[in-house]
Amino acid sequence: MALINSVLLWLMKKRFHQIELFMKYPHEVQEELFKKLINAAKETEWGKNYDYKSIRSIEEFKTRVQVNDYESFKPYINRLRKGEQNILWNTEIKLFAKSSGTTSDKSKFIPVSQEALEECHYKGGKDMLSIYCNNNPDTHIFDGKGLAMGGSHRITEINNEIYYDGDLSALIVQNLPSWAEFIRVPKRSVALMDEWESKIEKMATSTIQHNVTNILGVPSWTLLLIRRILEITNTSNLKQVWPNLEVFFHGGVNFEPYREQYENLITSGSMKYMETYNASEGFFGLQDRSDSDELLLMLDYGIYYEFLPLNQLEANDPVTLSLNEVEKDVNYALVISTNAGLWRYLIGDTVKFTSLSPYRIKITGRTMNFINSVGEEVIIDNAINALGIACSKCHAVVTEFTAAPVYFTSGNNAAHEWLIEFEKAPDNLEYFAETLDNALKSLNSDYEAKRYHNLVLRPPVVKQVPEKTFYNWLKMKNKLGGQYKVPKLSNSRKYVDEILKMVN
């Protein structure tokens with residue numbers, strides 16, 4: 001394995017020089033990519049409808065093609081899933097990433113072209129390793145194996161052609177080259193199991209004896225696997241099972257609420273954590289510095305970016321900004337055009353720029369995942385940071401949470417109701433709620449204004465729910481698996497009321 005380690009390290013460092021190139025010339029790289037996308041799609045049904053042949057500028061593209069959501073693309077995608085081709089993209093599409101993002105009853109099927117698979121998702125995985133190796137020149141990551149939490153997929157045959165849909169992670173595992181099986185665990189048949197509880201058990205028992213040096217997965221679901229491994233091995237520290245474990249590559253949800261739990265289960269000062277920003281629609285960002293959790297926006301993955309100011313979200317003709325027009329510390333909704341045929345697609349994530357040279361971002365939330373019942377505009381970023389402050393002051397550790405409004409009644413004004421599952425509960429839940437409230441006031445001036453003298457919002461209602469509440473709720477809804485996430489904030493009481501009903 002030492003020779004493989006040396007060769008792979010050399011290849012990773014070689015790619016890092018290309019990353020430095022787009023960091024130096026971001027606008028030129030994006031403009032060239034835009035031209036390539038338009039040219040590739042000009043003979044597709046979509047390209048003909050919008051006369052891509054005559055588009056000469058980005059402004060013309062923005063004027064001609066509206067900002068779209070999934071419903072706009074759904075009729076085209078349904079036809080693609082029935083075997084039609086050359087509709088949104090000019091090469092064959094036989095893979096569809098099933099995406100929900102939350103526990104919505106409706107699934108989205110995101111087309112994944114071969115270009116998107118290789119030039120975006122696989123490239124993102126390689127760059128993740130390139131950046132990690134560049135930041136950690138003494139790494140021995142390739143001396144052992146990587147453990148990846150894969151999802152499940154479904155195979156469909158249409159006109160003697162095989163089509164796949166499922167979690168993005170499953171599509172990636174299914175299409176990995178055969179040599180990749182030598183550097184990863186578990187074996188493909190286990191990684192693609194569709195019954196989640198059996199999969200956790202099988203993954204735990206089949207990986208214990210391997211020399212695992214790195215883990216890749218969604219923090220919430222990976223935590224379940226780690227705890228099961230520690231139960232089986234009767235240990236309290238994962239480094240006792242895998243002494244050469246050195247890094248956890250994580251993405252999908254904010255890591256901060258889980259960090260302390262990981263540090264308690266992997267008690268090693270040398271353990272490293274690296275964030276990725278990978279979605280069904282594309283691979284967007286990587287944590288490129290060890291001393292910061294900012295994400296480098298990846299600009300050469302076949303994705304053209306636009307950024308929509310949040311005050312334009314409800315506009316009839318929303319005005320987006322190109323990369324050279326954005327400002328730091330402003331929340332934008334992400335709009336993308338991709339090498340899988342998504343055009344000016346509003347993916348639902350919000351980001352803010354922390355640096356403009358190079359372009360680095362932080363994920364701040366979801367366009368549909370916030371509380372704004374009385375104009376307080378509390379976003380996930382506020383909630384995560386406020387909980388962090390409350391946990392620090394109250395010596396608590398949160399496992400999962402969700403929050404929603406309590407609307408005005410004849411006897412009371414509005415409030416926010418928080419359902420929290422604790423790994424380590426605070427000694428005084430009332431003081432925790434007060435601390436959370438004060439933290440939100442310090443982080444969000446709109447919330448602070450609405451809380452003034454309890455005139456509009458009264459203090460938050462914080463309820464502790466039993467261990468495994470959120471896991472059992474997801475299981476009840478048949479939503480176990482890495483693609484499903486607990487919605488942190490919602491303007492609707494649907495999720496909160498469902499959970500309270502189940503608990504009671």
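The values are calculated or read from the model by the stated rules, or taken from the named source; none is laboratory data. Because the structure is predicted, anything quoted here is derived from the model rather than measured. Quick reminder, even Gly has a Cβ in these numbers, built from the backbone with ideal geometry, and neighbours come from all protein chains shown.
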Check on Pro318, free of Cβ contacts under 8 Å to residues at least 60 places away in the same chain, buried (at least 16 other Cβ atoms within 10 Å of the Cβ) and in the same structural domain as Arg360 (by TED's automatic domain parsing):
no
Looking at this structure, is Leu88 in contact with a Gly (Cβ under 6 Å, 6 or more places away or on another chain), among the hydrophobic types (A, V, I, L, M, F, W, C) and surrounded by 14 or more Cβ atoms within 10 Å (Cβ to Cβ)?
yes
I'd like to check something: does region 178-186 contain any residue that is on the phi < 0 side of the Ramachandran plot and in a loop (DSSP other than H, G, I, E, B)?
yes
For Ser169: the one exception among (1) buried (at least 21 other Cβ atoms within 10 Å of the Cβ); (2) touching a Phe, Trp or Tyr at 6+ places or on another chain (Cβ under 8 Å); (3) among the polar types (S, T, N, Q):
(2)
Across region 367-416, what is the number of residues that are modelled with pLDDT of 90 or more, surrounded by fewer than 18 Cβ atoms within 10 Å (Cβ to Cβ), more than 25 Å from the chain's Cα centre (by Cα) and closer than 19 Å to Leu457 by Cβ?
0
Just checking: which of the strands (runs of 3 or more DSSP E) contained wholly in region 43-162 hold 1 or more residues that are closer than 25 Å to Ser322 by Cα and touching a residue at least 12 places away in the same chain (Cβ under 8 Å)?
108-112
If only one of Lys450, Lys475 is assigned to a helix (DSSP H, G or I), touching a strand residue (DSSP E or B) at 6+ places or on another chain (Cβ under 9 Å) and among the charged types (D, E, K, R), which one is it?
Lys450
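May I ask you to verify whether Ile172 is touching a strand residue (DSSP E or B) at 6+ places or on another chain (Cβ under 6 Å), assigned by TED's automatic domain parsing to the domain that holds Asn339 and either part of a helix (DSSP H, G or I) or not acidic (Asp, Glu) (or both)?
Values: touching a strand residue (DSSP E or B) at 6+ places or on another chain (Cβ under 6 Å): no; assigned by TED's automatic domain parsing to the domain that holds Asn339: yes; either part of a helix (DSSP H, G or I) or not acidic (Asp, Glu) (or both): yes.
No: the conditions fail for Ile172.
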So is Asn244 of a type in the set (S, T, N, Q) and either over 22 Å from Gly125 (Cα atoms) or buried (at least 22 other Cβ atoms within 10 Å of the Cβ) (or both) or not?
no
Does any residue of region 217-238 turn out to be closer than 30 Å to Ile379 by Cα and polar (S, T, N, Q)?
yes
Which one of these does Phe22 not meet: (1) in a helix (DSSP H, G or I); (2) at pLDDT 95 or above?
(2)
Take Phe182 and tell me if it is more than 24 Å from the chain's Cα centre (by Cα), modelled with pLDDT under 85 and within 20 Å of Asn244 (Cβ to Cβ).
yes
When residues of region 370-387 are filtered for being outside any helix (DSSP H, G or I) and either closer than 24 Å to Pro111 by Cβ or not polar (S, T, N, Q) (or both), how many remain?
8
Determine whether region 423-445 contains at least one residue that is in contact with an Asp or Glu (Cβ under 8 Å, 6 or more places away or on another chain), modelled with pLDDT under 90 and assigned to a helix (DSSP H, G or I).
no
Test Phe307 against the criterion of being farther than 30 Å from Asn78 by Cα and of a type in the set (Phe, Trp, Tyr), and give yes or no.
no
Pairs with Cβ under 6 Å, 6+ apart, first in region 26-39 and in the same structural domain as Ser322 (by TED's automatic domain parsing), second part of a helix (DSSP H, G or I) and surrounded by 20 or more Cβ atoms within 10 Å (Cβ to Cβ):
Val29/Phe22; Ile38/Tyr52
Restricting attention to region 199-215, which residues are in a helix (DSSP H, G or I) and without any contact (Cβ under 8 Å) to a residue 60 or more places away in the chain?
Lys199, Ile200, Glu201, Lys202, Met203, Ala204, Thr205, Ser206
Out of Lys477, Lys463, sole residue that is within 24 Å of Cys391 (Cα to Cα) and in contact (Cβ under 8 Å) with a residue 40 or more places away in the chain:
Lys463
Residue list for region 241-277, filter: at pLDDT 95 or above and either of a type in the set (S, T, N, Q) or farther than 25 Å from Phe142 by Cα (or both):
Asn244, Thr276
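I'd like to know if region 220-232 contains one or more residues that are touching an Asp or Glu at 6+ places or on another chain (Cβ under 6 Å) and either assigned by TED's automatic domain parsing to the domain that holds His27 or without any contact (Cβ under 8 Å) to a residue 60 or more places away in the chain (or both).
no
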